[in-house]
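The values are calculated or read from the model by the stated rules, or taken from the named source; none is laboratory data. Only a predicted model underlies this, so the values are computations on that prediction, with no experimental measurement involved. Every residue, glycine among them, receives a Cβ derived from its backbone with ideal geometry; neighbour counts consider all protein chains shown. Side chains included, ligands, DNA and RNA excluded: accessible areas come from the protein's heavy atoms. Shrake-Rupley method; radii C 1.70, N 1.55, O 1.52, S 1.80 Å.
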Amino acid sequence: MFDFIKKFFSPEPKDLYRMGEVFILRGDYNGALRCYDQILDLEPANIFILKKKSSLLFSLGMYKEVIDTVDVLLNIEPEDIDGLNGKALTMARQEKYEESISFYDKVLTLKPGNLEALTGKAFSLYSWGKYGEVITCTDQILVIDAGNSNTWTTRAMALAALCRLDEAIDCYDRALAIEPNHIDAWTGKGMALSAQGKYEEGVNCQRKAIELTSSLLPSLDPRKDTVTGAEGMFGYDKTNPIPVCLQDGQLEYLAGLQCECGCPFYFHRTGSFGTGPDGHIIDGYELVCRSKKHHITLYMDMYHEGASSLLPEGLSRGKEKGSGLPFYVDNFPHGLAGAIKEDEKFRMKS
């Protein structure tokens, strides 16, 4: 009797799914996950819900839980293309590139020419340092889709890493012909030109990238000493970046630091390093103290209304200011003085 009443008043899977969608619209992702779990209690082999759950977990950065969910899906449907691609991408996000590539290869065995698998594999190969294989992989992609700016950019980055700079610049130009506001293509082209000694052209490209990035700035968060969800060593880990206010805030913060021997730092921006724990893009800066005894990398989040009052472990503040630039400098730190002079000339022309 009571089992019948309980069953009568229990929500149906379709009702739970609707509730989950409402939770997502409200931004209550945990509520949505609870609904998906209730559906899976009733229908453990519901492939659609397993995919919805894994997608939501991925967007929340819960990669271990994504793998667990996708493994359930693949136990039911071992050749599910979405599941295999999803697991490959999640492995890449965890920097498990060899495993990531193995799952992309499974997809390509089942479905040769699958663009999602080919593009994902190309990026994993690049991240793993297999630059020659990136060229081979992008060859396959461009036969199928020559109009993908991301593929041209990935290919360009691999060519640049192989010191084939003219070819890299040509690929960056192809990417920019397709997508004129491609930030990574402008950044990479600037770095390649600077490496060829074409400093003014390189700076122009990097400033274009900075301009485009600035146009996409989200509203600034309140000043904080650490970002929401921070983990690891303050400043030294990407998961615990230094909160500051915009690019000028980055330069001011870094210029005020000194190492354990009391020397200020030379510094330059080495690039973007994905999203931090609060969803903001993280910038990385390489620092070398003037005594050349200390060489470190710090990570920063410039989307705050003010700078953190904290200092990375082992560093302090001093009266003498350091110097640096908000973009990549070739042959750092030896090339920094010349780069600063060229930057000053560029600013005067502007």
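Quick look at the numbers
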{"item": "Exposure rank, largest accessible area first [MET19, MET62; 1.4 Å]", "result": "MET19, MET62"}
{"item": "Extension gain from ALA177 to THR109, taking 0.36 nm per residue of separation minus the Cα-Cα distance", "result": "21.2 nm"}
{"item": "R0 of 41 Å, Cβ-Cβ distance LYS321-GLU99: FRET efficiency to nearest 0.05", "result": "0.35"}
{"item": "Low-density loop cleavage sites - GluC sites (Glu not before Pro) in the range 34-107, where at most 16 other Cβ are within 10 Å (DSSP)", "result": "GLU79, GLU95"}
{"item": "Simple Cβ-charge dipole of the chain, Lys/Arg +1 and Asp/Glu -1, about Cα centre, in debye nearest 20", "result": "740"}
{"item": "Options HIS304, GLY27, PRO11, ranked by Cα towards positive dipole end of the chain, top entry (Cβ charges)", "result": "HIS304"}
{"item": "The chain: relative contact order as a whole-number percent, Cα under 8 Å and 6+ apart", "result": "10"}
{"item": "Under the Karplus curve 6.51 cos²θ - 1.76 cosθ + 1.60, θ = phi - 60°, whole-Hz ³J(HN,Hα) for the range 43-49, x wherever Gly or Pro sits", "result": "9, x, 9, 6, 4, 4, 6"}
{"item": "Share of carbon and sulfur in the accessible heavy-atom surface of the range 1-138 [1.4 Å probe, %]", "result": "55"}
{"item": "For the range 120-141 versus the range 149-210, the gap between their alpha-carbon centres in whole angstrom", "result": "17"}
{"item": "Vicinal HN-Hα couplings computed from phi for the range 282-289 (Karplus, 6.51 cos²θ - 1.76 cosθ + 1.60; Hz; Gly/Pro x)", "result": "9, 9, x, 10, 8, 10, 10, 6"}
{"item": "Heavy-atom surface of the range 186-274, accessible at 1.4 Å and reported per residue (Å²)", "result": "44"}
{"item": "Relative contact order [Cα under 8 Å, 6+ residues apart], the range 93-170, whole percent", "result": "24"}
{"item": "Positive-end extreme of charge dipole, the chain - chosen from THR187, ALA146, ILE49 (charges on Cβ)", "result": "THR187"}
{"item": "Pairwise FRET efficiency - ILE76 versus ARG34, Cβ, R0 = 25 Å, nearest 0.05", "result": "0.70"}
{"item": "Cross-link partners of LYS208 among aspartates and glutamates (Cα-Cα below 17 Å; sequence separation of 8 or more within a chain)", "result": "ASP173, GLU179, ASP184, GLU200, ASP248, ASP283, GLU342, ASP343, GLU344"}
{"item": "The range 210-314: trypsin sites (Lys or Arg not before Pro) falling in loop per DSSP and having at most 13 other Cβ within 10 Å", "result": "LYS292, LYS293"}
{"item": "Extension gain (nm, one decimal) between ASP139 and GLU21, 0.36 nm per residue minus Cα-Cα", "result": "38.4 nm"}
{"item": "Length gained when the stretch GLU231-SER127 is fully extended (0.36 nm per residue, less Cα-Cα span)", "result": "35.1 nm"}
